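Read through the structure below, which is laid out as structure tokens, and then see the notes.
The values are calculated or read from the model by the stated rules, or taken from the named source; none is laboratory data. Source: prediction; values computed, not measured. In this analysis, Cβ positions are derived from the backbone assuming ideal geometry, glycine residues included, and neighbour counts consider all displayed protein chains. Accessible surface areas use protein heavy atoms only, side chains included; no ligands, DNA or RNA. Shrake-Rupley method; radii C 1.70, N 1.55, O 1.52, S 1.80 Å.
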Amino acid sequence: MKFFDSHAHYNDERYETEISEGAEMLLRTLFDDNVEAIVNVGVDPEYSVNCIELAKKFPKMYAAVGIHPSDTRFLNNPEEDVKKIEELLKCDKVVALGEIGLDYHYPETDKEKQKDYLYRQLELAQKTGSKVIFHDRDAHGDSMEAVTAFPGVVGVFHCFSGSAEMAKELVKLGWYISFTGVITYSNARKVCDAVKVVPDDRILIETDAPYLAPVPMRGKINRSDYLQYTAEKMAELRGTTTEEIARITTENAKIFFGIS
Ligand SMILES: [Zn+2]
């Protein structure tokens, strides 16, 4: 049984500072173990370049390039920054534009700046036909408004945290829904309801590593082989087997990212 990790950040410095063997050695063991493929996701132009470089070292690692809403606070030239992302989209191994979106978790958030970067990147997705990886944290209303404003753009809502109703609405709009180890946490009732309603051909699985390690690894640095635990929970919620979850989520990810 092998898993397709549709969202991880292996360029995070924690893999170098907190794991003795470093990211590259770890990745070698993961691909030998139960990991079929990984999408290594960017959060700003510079980090996105590094994502591509790491992806080039592994046949089954791919990259996404984009500007994360929370990282807009370090950036000040939206036109130039998005132009850099447009160039990176043309690189080998790049399979999506992301992550982009809205994150209103912290009260001092500059929402208008986040929206500016988001809408510019959605325009870019529309122009280039790129699939997007969408980050929505505590911003469900504005996220749905952005998505519906670009009916030609499809993508995946990563680390989905909305309701079952919102998941159904996104599926209707052609979007995919991806779940993390959060579904194994005891306070995750709402998102578990969403796990149950996503059709078999629209569901993805991800770590969001190094964050959000599933129970029983919660609190550790996350890694793609821990998808086993998230898949077990997903299988329980959907009344199926872990093998079947591995199979459908891998097949869906390959179709979504255009990987044969
Ligand atoms: Zn992420």
ask   = For segment 2-45 and segment 180-223, what is the separation of their Cα centres, given in Å?
value = 17 Å
task = For segment 127-244, with all protein chains present and a 1.4 Å probe, just round the carbon and sulfur fraction of the accessible area to a whole percent.
result = 49 percent
ask   = Nearest 0.05, what FRET efficiency do Lys172 and Met25 give at R0 = 35 Å with Cβ-Cβ as r?
value = 0.20
ask   = Using the Cα atoms of the chain to build a convex hull, what is its mean projected area in square nanometres?
value = 12.6 nm²
message = Checking the cross-link filter: which lysines have an alpha carbon closer than 27 Å to that of Lys115, excluding same-chain neighbours under 8 positions apart?
response = Lys83, Lys84, Lys90, Lys127, Lys131, Lys168, Lys172, Lys190
request  = Rank His105, His135, His158 by mean-square fluctuation in a GNM of the chain with C-alpha springs under 10 angstrom and give only the top-ranked residue.
outcome  = His105
inquiry  = Can you tally the net charge around Ala64? Count Lys and Arg as +1, Asp and Glu as -1, for every other residue whose Cβ sits under 13 Å from the Cβ of Ala64.
reply    = -3
ask   = Which residue, chosen from Gly152, Val198, Gly219, occupies the Cα position most advanced towards the positive end of the dipole of the chain, where the dipole is computed from +1 (Lys, Arg) and -1 (Asp, Glu) charges on Cβ about the Cα centre?
value = Val198
task = Between beta-carbons, use under 12 Å as the cut-off and find the net charge around Lys113, counting Lys and Arg +1, Asp and Glu -1.
result = -3
key: MRE, 222 nm, helices only [DSSP H, n ≥ 4, -39500 (n - 2.57), over the chain, to nearest 500]   = -13000 deg cm²/dmol
task = Grab the other residues whose beta carbon is less than 14 angstrom from that of Pro210, score K and R as +1, D and E as -1, and report the net.
result = -4
query = ³J(HN,Hα) across segment 28-39 via Karplus (A = 6.51, B = -1.76, C = 1.60, θ = phi - 60°), whole Hz, x for Gly/Pro?
reply = 4, 6, 5, 5, 6, 8, 10, 10, 7, 7, 9, 9
task = Compare Ser20, Ser163, Ser224 in a GNM of the chain, Cα atoms joined below 10 Å, and give the one with the largest fluctuation.
result = Ser20
message = If the elastic network links every pair of Cα atoms under 10 Å, which of Met144, Met234, Met61 fluctuates the most in the Gaussian network model of the chain?
response = Met144
note = note: segment 12-148, Cα-Cα separations exceeding 25 Å make up a percent value of 30 percent
key: Glu79 versus Lys2: modelled label distance in nm, points set 7 Å from Cα along the beta carbon direction   = 4.6 nm
inquiry  = Quick check for me: using +1 on Lys/Arg Cβ and -1 on Asp/Glu Cβ, what's the dipole size of segment 3-257 about its Cα centre, in debye to the nearest 20?
reply    = 540 debye
ask   = With the dipole of the chain worked out from charges on the C-beta (+1 for Lys and Arg, -1 for Asp and Glu) around the Cα centre, which of His68, Leu30, Tyr106 lies farthest toward the positive end?
value = Leu30
ask   = Residue by residue, what Karplus-based ³J(HN,Hα) values in Hz, rounded to whole numbers, does segment 129-138 have, using 6.51, -1.76 and 1.60 with θ = phi - 60° and x for Gly and Pro?
value = x, 6, 6, 10, 10, 9, 9, 10, 10, 6
inquiry  = On a 1.4 Å probe surface of the protein chains, which of Tyr62, Tyr211 comes out largest in accessible area, and what is the full order?
reply    = Tyr211, Tyr62
